Amino acid sequence: MRKILIVIDMQNDFIDGALGTREAVGILEAVKGKIRSYPASDVIATMDTHTMQYMDTQEGKYLPVPHCVKGSEGWEIRGDILDLLGKAKIYEKPTFGSVALADDLKALSEKEEIELELIGLCTDICVVSNALLLKAVMPEVKISVDAACCAGVTPEKHLAALETMRSCQIQLVNA
C-alpha cells in the first residue's frame, strides 16, 4: 500500500506572518521530520492562494485579514519546508479545501491502494476541510492526521478540529 503525505498550507503568513501563531512556529521541526520520513514521490502540498481582491470575497468579509496573496512573501511556502518538498506537486487553492487534490487522489485510489496522512496549518480551517473533503470522496481510504504536525488558530480550536475529525473516522496520530 502506498502512503501519501499531504502538507497543508505551510506558508509564511500562517507561520509567522499575517495570521501566524506561536503554535505554528512550534510545529516546524515536527513537520520537517515528517516530510523527511516519506519518499519524495509520496509528498503533496497545498497553498492557500488569494488575489488582491481577497477582501471582496466571502472569506475576506468573515476573516478581514489579507493573507497569502499570490506572489507575496506571505504566500510563499516557508523556505526550509519548500526545500524539503523538492519536486512535490503543489495545489494552489482559493479556499479551504482543494477539490482538485481530492479529484486527483480519488483517481489514484481507483488505480492503486493508498493511505493518506495530513499535516499542516491551520488544523481548524484548511486541515479539517481537506481531511473531510478527502473522506467524503474516498470513504474507504484510511486517512490520518498527525496532531503534532498541525496547529490551529488557537490551541482550543486545534483540539476541537481534532475531535471533529475523530468523529468522522479520520485517524489521529499523536493526539
Review point. Mind checking which pairs have a first residue in segment 136-155 that is modelled with pLDDT of 95 or more and a second that is surrounded by 18 or more Cβ atoms within 10 Å (Cβ to Cβ) and of a type in the set (S, T, N, Q), Cβ under 6 Å, 6 or more apart or different chains?
Key: Met138/Ser109; Val141/Ser109; Cys150/Thr123; Gly152/Thr123
Check your understanding: What pairs can you find where one residue is in segment 83-98 and within 20 Å of Leu63 (Cβ to Cβ) and assigned to a strand (DSSP E or B), the other is at pLDDT 95 or above and not β-branched (Val, Ile, Thr), and their Cβ atoms are less than 6 Å apart, with a gap of 6+ or different chains?
Key -> Glu92/Met47
Exercise for review: Look at segment 4-37 and say how many of its residues are aliphatic (A, V, I, L, M) and over 24 Å from Lys142 (Cβ atoms).
Suggested key: 6
Practice item. Sort out which residues of segment 109-134 are surrounded by 19 or more Cβ atoms within 10 Å (Cβ to Cβ) and not hydrophobic (A, V, I, L, M, F, W, C), and write them in order of number. Key: Ser109, Glu117, Gly120, Thr123, Asp124, Asn130
Study note, to complete from the structure: In segment 132-157, anything in contact with a strand residue (DSSP E or B) (Cβ under 6 Å, 6 or more places away or on another chain) and in a helix (DSSP H, G or I) is listed as Leu134, Lys135
**Study point:** Some residue of segment 151-169 being surrounded by fewer than 19 Cβ atoms within 10 Å (Cβ to Cβ), touching a helix residue (DSSP H, G or I) at 6+ places or on another chain (Cβ under 9 Å) and under 21 Å from Tyr38 (Cβ atoms)
**Key:** no
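The values are calculated or read from the model by the stated rules, or taken from the named source; none is laboratory data. On a predicted model such as this, the values are computed, not experimentally measured, just so you know. Every residue, glycine as well, gets a Cβ built from its backbone with ideal geometry; the counts of neighbours run over all protein chains shown.
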